[in-house]
Every structure is written in structure tokens, then in C-alpha cells.
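First the structure, in the form of C-alpha cells, and then the observations on it.
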Amino acid sequence: MEITAIDAPGHEHVVEFNDTATGLFGYVAIHSTQLGPAAGGVRMRPYAHSAEALDDALRLSRGMTFKNAAADLPLGGGKAVIVGDPSADKTPALLQAFGRVVQSLDGLYWTAEDMGMTPADMAQIGAKADFVAGLADGAFASGDPSPITARGIYNAIRITAKHRFESDDLSGRVVSVQGLGHVGEHLCSLLHQDGAQLVVTDIDPQQAATVAEKFGARRVAPDAIYAVEADIFAPCAIGGILNETTIPSLKVAAVAGGANNQLATDADAQRLHERGILYAPDFVANGGGIVNVATEILQISDRQAWVGQRLEALERTMDRILTRAGHETVSPHAVAEQIVQDVLRAQAA
Ligand code: NAD
């Protein structure tokens, strides 16, 4: 196994790992440990090339610094990416090799579940590393974070509806959902319970069909989701999908979803703002997942109450962001970044 430190401006520590024996290749990016050990999930995707994987790790780890600070957690920002197709390339040996990478960082980085990973995979990684959360078993095991992530996104959608439509009642509201995996499916369930009408898509046709049938949703092709007429669009798949191509085609009043790094660039926040589309910053909307994971890292005994309080705090933060953005001519994303920068500056002082 080769673990090589690489230089990445703006990041504290980044390593590339390459294990020819198991086919493991990828990156751990530690953006900041200012507030505590860096925490963020590991994602496995068939990236086209290593530069794309590195870029994802860098962007996602910075996002984790912001997400953890916004959720008021004593954790910094980090993220790992593994290059490969989770359905074909993921083996116990590869996962355990990744565990050795995590262990080599000696607690500087805590890993957990992200796209392409399951709690069972976390157990394989945990066989070789102490700094693994999202485990199914163990004293402080927090399991699959996605139901709590979805709960936080659902709260964010209601707050967004309150600001956009002057009512947080979702009954009869049309919500389009992109990505029906761990998070998207739980979110659909919560929205369906509230009487929202769902329009859904997934690149996995079987999953799309299953979810559509379960919740009486209208199903559209993956590329068609951007032009769907809806009240709220909830991206719950990959990042970068709010960009100069997709934003002009959106026919929604608001965007509030769980995917990380939904904006391709900061300019896209302004683009949405100028189109009058209210955007709920993703790193606040999807903070429930890391809150759940944090109970394991921080060894919280009264887990349910602690998670409940943090979800309420996230809701208040979202409310504050959207209120401030409503009063100022800046986008909610810019307001959210400002709030986090203030937290980091105050902590450094
Ligand atoms: P997942 O892998 O379980 O599900 C992702 C789903 O999106 C899959 O069904 C996949 O087929 C689909 N998908 C991928 N590309 C797509 C596309 N272009 N169009 C439509 N569908 C597409 O992942 P997840 O855990 O549900 O996470 C979803 C998003 O939420 C990711 O961005 C992740 O980083 C973010 N997130 C997840 C958690 C969590 O608790 N799992 C926490 C915070 C943020």
C-alpha cells in the first residue's frame, strides 16, 4: 500500500492511497481540524479519472468543515473518496485496506457512510481502523445516518416552504426528488406522509419504479427532472447539479435537498437568487446525518434527545439564514457561508 501526502492549497492534509493488491485507489482530504478531528463520510464512485476524484474529495471535505460548524459540532471537515464501482469493485479486502488508510491518519480523520457505502461496509473498514462511525453494532453505534439526514432535509423543506409560500404545510405541494437512494427514499416517505405530491427520478430504473409505486409518485427520466414544474426541487443524488445549464431550465419556486455540494460554483447561488428561486443551503439542510454520526464519535449516551436538539438547532439556523437572505440582497448560500466563517473566526480568536 502506498499512502502519499499531496499538496492541496487551502487544505490541512491530503493523501492519495493506492493498494495494487486489492485495487484500492483514492484520496482522503482533511480540510480543517480547527474545531476538532475531521469527520466526513467515504464515497465510492466510478470516477472517470483521478483528478475528478481528488476534486470531489477537496470540495466535499471543505463542505464538511462548513456542515460541522453549522451544526455546532466540535468536529472539523474531512472526506474520503474511493475510485470504483460499488456494485462491482467493492470487496472486503478493499474495504479493509481503506481501513488501514484511516488508521494511518491516527485520529486526524473519522470516516462514516456516504454514497456507495453501507453500514456493513463500515464494519469491514472498522476491522482495521478505530476511527469509524456509522457502525451497526457497538457501545455508541449510530448505524445508518440516512433516516436522520432525511428528517433534517424534511425540516429544511418545511422551513423553506414557510419562507417561500408563507405556509409550512406541504399537503398538496409538488416536490420533485432527484436520487432515491438511502436519503431520497426516506425523504419521499416523510413528504408522502404529509400529503405532498412527488415527482421522482433515479438513474437506477428499478429503484425509481419501486419508489414511484410505493408513494404514488410520477416518475420522469433522469435528465427530465430539471424541467419538472414543481413547488420545491429536492436534489438527493450527486453534487454540481445546480449549474449554468440546469438553473435556467428549473420551473420551481425553491430548491431544498440533501445532496452535498449541489451548487457547481458559488456564482450558481447568485444565479438561483436572481431567478427568484429560494435555495436552502445544502450543508445546513443535510446536517442531520453528521449529527447522528457525531453521537458515535463523541460517545453521546442520551442519543435520541441530543439528536433531536441538534435537529431543532439546524432548523433554527436555516430559518435565520432564509430570514437574513430575505432582508438582504445576498443569496442564502452566501449568508450561510458568512455565519460559518464567523463561527470559525470566533473560535480562532
Ligand atoms: P445513495 O448512494 O444511497 O443514493 C444515491 C441515489 O442517487 C442512488 O439511488 C443513485 O442511483 C442515484 N443517482 C446517482 N446519480 C444520479 C443522477 N444523476 N440522477 C438521478 N439519480 C442519481 O446515497 P445517499 O446516502 O442517499 O446520499 C445521497 C446524497 O445525499 C449524496 O450527495 C450524499 O453525499 C448526501 N448525503 C447523504 C447523507 C447520508 O446520511 N447518507 C448525509 C448527508 C448528505
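So here's what we get for this one:
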| quantity | calculated |
| --- | --- |
| Total residues in segment 163-211, condition modelled with pLDDT of 95 or more, buried (at least 19 other Cβ atoms within 10 Å of the Cβ), on the phi < 0 side of the Ramachandran plot and not in a strand (DSSP E or B) | 16 |
| Number of the exception - VAL307 against (1) open to solvent by 50 Å² or more (accessible area, probe 1.4 Å); (2) over 25 Å from ARG45 (Cβ atoms) | (1) |
| All helices (runs of 4 or more DSSP H) inside segment 38-127 with 1 or more residues being open to solvent by 20 Å² or more (accessible area, probe 1.4 Å), within 16 Å of the ligand (Cβ to nearest atom) and not charged (D, E, K, R) | 50-70, 86-89, 119-126 |
| Helices (runs of 4 or more DSSP H) enclosed by segment 266-349 - at least 2 residues per element that are within 20 Å of VAL252 (Cα to Cα) and not aliphatic (A, V, I, L, M) | 266-274, 303-327, 332-348 |
| Filtered residues of segment 133-150 (kept if surrounded by fewer than 21 Cβ atoms within 10 Å (Cβ to Cβ) and not in a loop (DSSP other than H, G, I, E, B)) | PRO147 |
| Segment 212-225, residues that are more than 10 Å from the ligand (Cβ to nearest atom) and surrounded by 23 or more Cβ atoms within 10 Å (Cβ to Cβ) | ALA217 |
| Test: residue in segment 312-323 that is in contact with a Leu (Cβ under 9 Å, 6 or more places away or on another chain) and either within 29 Å of ALA53 (Cα to Cα) or open to solvent by 20 Å² or more (accessible area, probe 1.4 Å) (or both) | no |
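Condition check ((1) open to solvent by 10 Å² or more (accessible area, probe 1.4 Å); (2) modelled with pLDDT under 95; (3) over 15 Å from the mean Cα position of the chain (by Cα); (4) within 13 Å of the ligand (Cβ to nearest atom)) across all residues:
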{"residue": "ALA227", "(1), (2), (3), (4)": "yes, no, yes, no"}
{"residue": "ALA230", "(1), (2), (3), (4)": "yes, no, yes, no"}
{"residue": "CYS236", "(1), (2), (3), (4)": "yes, no, no, yes"}
{"residue": "GLY240", "(1), (2), (3), (4)": "yes, yes, no, yes"}
{"residue": "ALA253", "(1), (2), (3), (4)": "yes, no, yes, no"}
{"residue": "ALA294", "(1), (2), (3), (4)": "no, no, no, yes"}
{"residue": "ARG303", "(1), (2), (3), (4)": "yes, yes, yes, no"}
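The rows are residues; the columns are (1) in contact with a strand residue (DSSP E or B) (Cβ under 9 Å, 6 or more places away or on another chain); (2) hydroxyl-bearing (Ser, Thr, Tyr).
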residue	(1), (2)
ALA227	yes, no
ILE241	yes, no
THR245	no, yes
PHE283	no, no
VAL293	yes, no
GLN299	no, no
ARG316	no, no
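The values are calculated or read from the model by the stated rules, or taken from the named source; none is laboratory data. In this text, all values refer to a predicted model and were calculated from it rather than measured experimentally. A quick note on method: Cβ atoms are made from the backbone with ideal geometry, for glycine too, and the neighbour counts reach across all protein chains shown. Surface accessibility is based on the protein's heavy atoms, side chains included, excluding ligands, DNA and RNA. Shrake-Rupley method; radii C 1.70, N 1.55, O 1.52, S 1.80 Å.
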